[in-house]
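Notes to accompany the following structure.
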Amino acid sequence: MASAAVVDAGDAPEPTVQNLLDQETLKWVFVGGKGGVGKTTCSSILSVLLASVRQSVLVISTDPAHNLSDAFQQRFTKFPTLVRGFTNLYAMEIDPKVENDDLSNEGMEGFLSELTNAIPGVDEAMSFAEMLKLVQTMDYSVVVFDTAPTGHTLRLLQFPATLEKGLEKIMELKNRFGGLLNQASRLFGLGDELNEDAMLGRLEGMKEVIEQVNKQFKDPDLTTFVCVCIPEFLSLYETERLVQELAKFEIDSHNIIINQVIFDEEPVESKLLKARVKMQQKYIDQFHMLYDDFNITKLPLLSEEVCGVQALQNFSQHFLTPYKSALKRGTVEELEQRISILKSALQEAESELGRVRKGKQGA
């Protein structure tokens, strides 16, 4: 029994994202999870790492609360922009809603605008299809999606079905009001602009793009989904929901990044932090139990935000080498550091006490 356990432990997937860099066929990498778990930082770092092994990389934010600009400390727009300090890494931020300029209130566009109100999500589907069309013409080696929180991500995977509904709705309108539409368009001098065939053609074209890409999304050689979470109950629950939905959509997922981990070895002298370490460990154990065939990467909680290319590159080492605290608990060095921390805290408290006493005497 003991030897079998050893073999199993040896077979456990590597706790890094190295597998993503080694998979040369990868074309689409989605990064998703609950809001506030560090998806943008992880997307940015993955794109930086991929840029070191691939010819050209594009990282796209589809989250309405765009943070890519903050992560790289550079302004990005809906057009791919070269990231400063790189020759092959580009970034863009797109709004998943179709902009008003894109759907003016004239002719065919006005009709499509009405359609977007009739079918929830069809505007996002159309916007996403347009963006994918653009991305495909650019021919990047790999595209990294920094997705919106889980609910939006799952909608994104349902886009082919959403566009299907849009087509059905137009066909229904065509059958009921086809002649009337053509008469109205001639009457108002719109010519062929409000031609139902033109509308169908546009939606069909988008549906074609999305279906073609959807086939690629279901190919594990081309697409994978990286789940980002933190070691807390709600995040574990959300990750489980996400993994199940991805399986339902036949989308490969075998990487989980657990962010904001407080490692037990850190020389902390706080009951609150120690309690949090204990709580986190409980959920980390559950992640390992539930996803024993996943590459689970644990990232340390830092005292500052990871912003700017240099900070992203520095932090990226933890994606490829499991984090280890510089000090091991129980060693002379660790005890000495803990004593040093306590002495420094005591000095701070004494000087604060001195200031308070002086203030009272002055009063």
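Taken together, the values in this text are just the output of simple stated rules run on the coordinates, not laboratory data. Remember, it's a predicted structure, so these values are computed and weren't measured experimentally. Note: ideal-geometry Cβ built from the backbone for every residue, glycine included; neighbour counts use all protein chains shown.
For a paramagnetic label modelled on Ser351 (point 7 Å from Cα along Cα→Cβ), amide N atoms under 13 Å away are absent within region 294-317.
Label-to-label distance for Leu273 and Ser69 is 3.5 nm, based on points extended 7 Å past Cα in the beta-carbon direction. Note on Gln361 and Lys218: their simple-model spin labels are 8.0 nm apart, each label 7 Å out from Cα toward Cβ. Gln55 to Glu305: FRET efficiency via 1/(1 + (r/R0)^6), r the Cβ-Cβ distance, R0 35 Å, to the nearest 0.05? That pair, Gln55 with Glu305, gives E of 0.70.
The length gained on full extension between Ser340 and Lys324, counted as 0.36 nm times the residue separation minus their Cα-Cα distance, comes to 3.7 nm. Compared with the alpha-carbon gap, the fully stretched path from Glu250 to Glu24 is longer by 79.3 nm at 0.36 nm per residue.
Anything over 23 Å Cα to Cα? Flag those among Lys282/Lys324; Lys248/Lys278; Lys207/Lys248; Lys34/Lys298, in the order listed. Display every interim value, and only then the final one.
On the way: Lys282/Lys324 19 Å; Lys248/Lys278 34 Å; Lys207/Lys248 21 Å; Lys34/Lys298 17 Å.
Over 23 Å apart, Cα to Cα: Lys248/Lys278.
Here the extension length gained between Gln313 and Thr331 equals 3.4 nm, from 0.36 nm per residue of separation less the Cα-Cα distance.
The protection proxy used here, the mean number of other Cβ atoms lying within 10 Å of each residue, ranks peptides 285-296, 229-240, 209-220 as follows, highest first: 229-240, 209-220, 285-296.
The listed peptides 342-349, 300-307, 249-256, ordered by packing as a protection proxy, come out as 249-256, 300-307, 342-349 (highest mean of other Cβ atoms within 10 Å first).
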